[in-house]
Amino acid sequence: MITLTTDFGLKDPYVAEMKAVILRISPRAVIVDITHEIEKFNIRMGAYLLASASPYFPEGTVHVAVVDPGVGTKRRPIAIETKQGFFVGPDNGILVLAAKKQGIVHIHELTNPRFMLPTVSSTFHGRDIFAPVAAHLLNGVRIEKLGPEICNVVEPEFADVKEKNGMLIGEVLHVDGFGNVITNISKESLSLVNVEAELKVALAGCNVKLRFCKAYGEVGLGEPLALFGSHGFLEIAINQGNAAKEFKVGAGDKVAVMPA
């Protein structure tokens with residue numbers, strides 16, 4: 001199985017071209033679209049959606065993610081082997097959040113032209129590099145044949161949570177369609193501070209005290225709350241309301257969490 005996550009949309013032929021390349025190399029591949037509606041050039045959004053969906057695919061799945069404003073520059077094309085499968089895409093931070101959740105085993109730079117299309121354009125590595133590499137991995141090609149192993153990759157700031165003086169400092173990863181504010185703070189991170197029934201949250205425009213819940217309906221209609229969402233990240237929400245609009249918060253904004 002191969003998944004595709006891009007900011008290409010479906011108006012243009014780009015997604016179809018990637019699928020065509022995959023199927024020419026691996027005709028029995030099952031291709032699943034995670035999404036092609038990532039906001040243009042929004043690496044943070046792509047990283048979050050990939051990290052959210054990828055854990056539910058079968059072992060051995062190859063995940064291709066292409067949100068690539070640096071295509072054709074010195075940014076490296078890479079493949080990451082994890083304990084569950086593979087991630088293929090640009091070394092710009094889009095893969096790391098998802099790959100770390102699965103446990104990174106090896107990272108290789110993609111340099112071997114044997115596993116790319118004969119002609120590689122400077123503007124469409126999704127078709128010319130990432131799609132064929134993914135298909136070859138699905139066919140059983142070992143990752144070390146793709147290029148040299150590397151140990152340093154781009155670590156995006158949006159994956160970083162810091163603990164300082166009993167407070168966690170992170171940022172907003174994503175605002176979903178319900179207006180829930182999804183942070184990059186995981187259960188493991190929150191365990192570093194002593195949060196119990198309530199917590200204080202400092203957002204870009206305000207400071208709020210929130211009840212820590214397990215479900216949205218544990219507070220009254222229109223009341224704010226905090227909880228861990230279905231993908232394991234701390235959310236700031238309003239029961240049947242829009243927390244992002246209420247608190248004037250967007251992706252990339254800083255967020256600080258501390259015990260109440």
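A short reminder: the numbers here are calculations on the coordinates, not readings from a lab. Nothing here was measured: the structure is a model prediction, and the numbers come from that model. Glycine also receives a Cβ, built like all others from the backbone with ideal geometry; neighbour counts cover every protein chain displayed.
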Exercise. Please determine, in degrees from 0 to 90 and to the nearest 10, the orientation of helix 43-53 with respect to the longest principal axis defined by the Cα atoms of the chain, where the helix direction is its Cα long axis.
Key: 90
Quiz item: Which is the longest run of the chain containing none of the trypsin sites (Lys or Arg not before Pro) found in DSSP loop states (not H, G, I, E, B) with at most 12 other C-beta atoms within 10 Å?
Solution: 143-213
Quiz item: Can you list the residues of segment 56-72 with backbone N under 12 Å from a point 7 Å past the Cα of Val141, pointing along Cα to Cβ?
Solution: none
Quiz prompt | Efficiency of FRET between Lys248 and Leu192 - r from beta-carbon atoms, R0 41 angstrom, step 0.05 | solution = 0.90
Exercise. Just the Kirkwood number for segment 160-259, please: inverse of mean 1/r across all distinct Cα pairs, in Å, one decimal.
Key: 13.1
Quiz item: Within segment 16-35, whose backbone N sits under 14 Å from a point 7 Å along Cα→Cβ of Met1?
Solution: 29-35
Quiz item: Which net charge results when you count Lys and Arg as +1 and Asp and Glu as -1 among the other residues whose beta-carbon is under 14 Å from that of Gly250?
Solution: -1
Exercise. Could you work out the relative contact order of the chain, using alpha carbon pairs under 8 angstrom and six or more residues apart, expressed as a whole percent?
Key: 16
Quiz item: What pairs in Lys100/Lys162; Lys209/Lys245; Lys40/Lys83; Lys164/Lys200 have C-alpha atoms more than 19 Å from each other?
Solution: Lys40/Lys83
Quiz prompt | Antiparallel %, DSSP beta bridges [both residues in the chain], to 5 | solution = 75
Quiz item: To the nearest 0.05, how large is the calculated FRET efficiency for Lys83 and Glu37 if R₀ is 30 Å and r is the Cβ-Cβ distance?
Solution: 0.55
